[in-house]
Amino acid sequence: MQCFETELSGAFVIEPKIIQDERGYFMESFNANEFKEKTGLSVQFVQDNQSYSSKGVLRGLHYQCGEQAQAKLVRVLQGEVWDVAVDIRPNSPTYGKHVGVYLSGENQKQFFIPRGFAHGFLVLSDTATFFYKCDNFYLRESEGGIAYNDPELGIDWPMDQESLLISEKDKTLPNLINARKVW
């Protein structure tokens, strides 16, 4: 496994070692010891989530607040997405900055998003199966969210606005300045 820290401290792109032959491939998708060795972070995942979406679906930007804040290790099992993490840690030098990563079933890249970040993704392929591990349990009362199109964030989603499929809930999320604080 190779780990590359992004310009946002604590957020890593992970490229697993893939062993391929005529039968297909094998990869170790997560190893806690190797993850700690490469990133310096110790994480214990407690919940796995999976979603299936069609082209143009934009989910996000979501996060959990306070004691329920979550770190996530995200990946795409099938299809392709553009995955985005926004630093919303109040005292961070990169507060309000974001990073985007193309994740696909083909490239097998993963993205580690630490606590204190909002997260979202846009499906670029006809369909995508998205999988992620969380280090804390989801609690509805601790939900937070930020508008995907907040001009202060300046996220350049790689698809026409008219093509996006967004839930009613996500369409009404506030801009970062008015969003619920992560802690």
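Since every read-out is calculated from the coordinates, none of them should be taken as a lab result. Given the structure is predicted, the values throughout are model-derived calculations rather than measurements. Please note: Cβ atoms are built from the backbone with ideal geometry, for glycine as well, and neighbour counts cover all protein chains shown.
Just a few scattered comments:
- Leading residue at positive end of dipole, region 1-75 (Cβ point charges), from GLY56, CYS3, THR39: GLY56
- Here the chain is treated with +1 on each Lys and Arg Cβ and -1 on each Asp and Glu Cβ, and its dipole about the Cα centre works out to around 460 debye.
- Entries in LYS38/LYS72; LYS17/LYS97; LYS38/LYS133; LYS17/LYS38 that, when Cα-Cα distance is taken, lie over 21 Å: LYS17/LYS97
- Separation of alpha-carbon centers, region 1-60 and region 144-166, rounded to whole Å: 24
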